[in-house]
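Trainee: Got a structure for you, questions after.
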Amino acid sequence: MDSPSSTTRIAARSSMIDSIRGCGLSGMRIDKEDLRRKLSIPEYLRVAMSNAIRRKEGEPPADTCQSDVIVDGNGVQPPEAPMVVFINSRSGGRHGPELKERLQELMGKEQVFDLSEVKPHEFVQYGLACLEKLAELGDFCAKDTRQKMRIVVAGGDGTVGWVLGSVGELNKQGREPVPPVAIIPLGTGNDLSRSFGWGGSFPFAWKSAVKRTLQRASAGPICRLDSWHAVIQMPSGEVVDPPHSLKPTEDCALDQGLQIEGALPEKVNCYEGVFYNYFSIGMDAQVAYGFHHLRDSRTSYGCMLRRSIAQNGSRLQSLKGGVRISGVRAIVALNLHNYASGRNPWGNLSPEYLEKKGFVEAHADDGLLEIFGLKQGWHASFVMVELISAKHIAQAAAIRLEFRGGEWKDAFMQMDGEPWKQPLNRDYSTFVEIKRVPFQSLMISGE
């Protein structure tokens, strides 16, 4: 497998031309059969993985690995660039099912997984495990296929994050190498796709673009992406309806190296999750929450921007120490340059400004989050059209946000586009603690 590059250069906001180029409309004609031979995993391996996933067993049947399929010069040869695709067929409008069929034409049908039928963790737990077991039994073809495996995700940022999280479990289990991931953008924001050169949307002439996208995914250079572990601790008894990306956890001990204001309650509730792009609190999360729930309510959320971080009080701590934040209606901790469909709120800062503020140039693999604030509705609007930059607060490798209820009994938060309403307590603080995940994700560059 290609060795990861040392630094990930993040693309700024993509233009329409960048989007088209990102999805592979340029370049010479690619022969369909040549591409199929390059990508297709031998049928006996495809069937073995598919059966393992269906049975939910990592062990292959005894008759799967036969002596005549172990390469000895006359046996089955491994593919040059074995690949599997996860597709959210409900994304991309009416083109989702058609795209699924097109992908199945270009490789083995069993290599294309519809996320409504096969979940990413099932592929990791059973499909890849089956390949690994066959490799242990002496099947060179299975071993080479496992070593060279690459993944393409056809979906939005949420789908990409779902797959990255499942594949990332391989690091914890010591099951290397971890397959790198490429993207076919089918969502709305597609900020992860933009950041790694796959464009902001799949082109109208998508049938001709699919082959070139797969070709580039099979040979593109590999970059690294930081991911961030968020823990939310609140007083016990507070009722919260968390998004899918947050799960309850018993292990929620706060970092003792950071100061805590006030007393802690005897009992707490904790949730944890991982994000790849951003975590935000305040105005932008409230607007996102409103749009997500618009179908269930006739209330207009577009102008409900009254809640501010300043009204409830917030305190941010990083490894450099504590900072009290006021005068902003939203706080965003950002990992990528692309935010809210390709915007760059942190801005392209000059070397002189970076030195003055003690900042460094931002990259997706630098182990730092860029933390900024949005002041008012007009300020956020100007930031989103990139006429001005956001209010720069800090860069940090680990942060803790501490806030307490005042006039308002709840706040709005979102993590990689998934918003929720967070209850606040007047007497005890709610904490959000964010730290970098030790293992980085591997991304295939589309540039």
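Trainee: With every protein chain left in place and a probe of 1.4 Å, what is the accessible surface of His244, to the nearest 10 Å²?
Mentor: 150 Å²
Trainee: Hey, another quick one. Largest first, what is the accessible-area ranking of Arg102, Arg146 with a 1.4 Å probe?
Mentor: Working: Arg102 45, Arg146 10 Å².
Greatest to least solvent exposure: Arg102, Arg146.
Trainee: Please report the accessible area of Leu374 (heavy atoms, 1.4 Å probe, ligands and nucleic acids excluded) in Å², nearest 10.
Mentor: Counting only protein heavy atoms, Leu374 exposes about 10 Å² to solvent.
Trainee: Please work out how much accessible surface Phe359 shows to a 1.4 Å probe, ignoring ligands, DNA and RNA, in Å² rounded to 10.
Mentor: 20 Å²
Trainee: Ordering Val239, Val268 by how much accessible area each has at a 1.4 Å probe, largest first, what is the list?
Mentor: These residues rank, largest area first, as Val239, Val268.
Trainee: Find how much the distance from Ser341 to His244 grows on full extension, using 0.36 nm per residue of separation minus their present alpha carbon separation; answer in nm with one decimal.
Mentor: 32.8 nm
Trainee: When we measure straight from the Cα of Lys133, which lysines land under 19 angstrom away, once same-chain ones fewer than 8 places off are left out?
Mentor: Partners found: Lys56, Lys143, Lys148, Lys172.
Trainee: To continue, here is another question. Tell me the net charge near Ser218. Cut-off is 9 Å between Cβ atoms, Ser218 excluded, with +1 for each Lys or Arg and -1 for each Asp or Glu.
Mentor: Around Ser218, the charge tally is +2.
Trainee: Rounded to whole Å, give me the distance from the Cα center of region 149-198 to that of region 219-283.
Mentor: Taking the Cα centre of each part, region 149-198 and region 219-283 sit 21 Å apart.
Trainee: Oh, and also: In terms of the Cα gyration tensor, with a ≥ b ≥ c the square roots of its eigenvalues, is region 349-432 rounded because a/c is under 1.5, prolate because a/b exceeds b/c, or oblate?
Mentor: Judged from the Cα gyration tensor, region 349-432 comes out prolate (a/c at least 1.5, a/b above b/c).
Trainee: Moving on to the next point. Going from most exposed to least, what order do Ser195, Ser201 have by accessible area with a 1.4 Å probe?
Mentor: Largest to smallest exposure gives the sequence Ser201, Ser195.
Trainee: Right, here's the next one. Going by the alpha-carbon gyration tensor, a ≥ b ≥ c the square roots of its eigenvalues, is region 75-126 rounded (a/c under 1.5) or, if a/c is not under 1.5, prolate (a/b greater than b/c) versus oblate? Before the final figure, lay out the partial values.
Mentor: On the way: a/c = 3.13, a/b = 1.43, b/c = 2.19.
It comes out oblate by the Cα gyration axes.
Trainee: On a straight-distance basis, which lysines could pair with Lys356 in a cross-link, Cα separation under 30 angstrom, same-chain partners fewer than 8 positions away excluded?
Mentor: Cross-link targets: Lys320, Lys375, Lys391, Lys435.
The values are calculated or read from the model by the stated rules, or taken from the named source; none is laboratory data. Everything numeric in this text was worked out from a predicted model, so none of it was measured. Ideal geometry is used to build each Cβ from the backbone, glycine not excepted, and the neighbour counts take in all protein chains shown. Ligands, DNA and RNA are stripped out before the accessible areas are found, and what is left, the full protein with its side chains, is counted by its heavy atoms. Shrake-Rupley method; radii C 1.70, N 1.55, O 1.52, S 1.80 Å.
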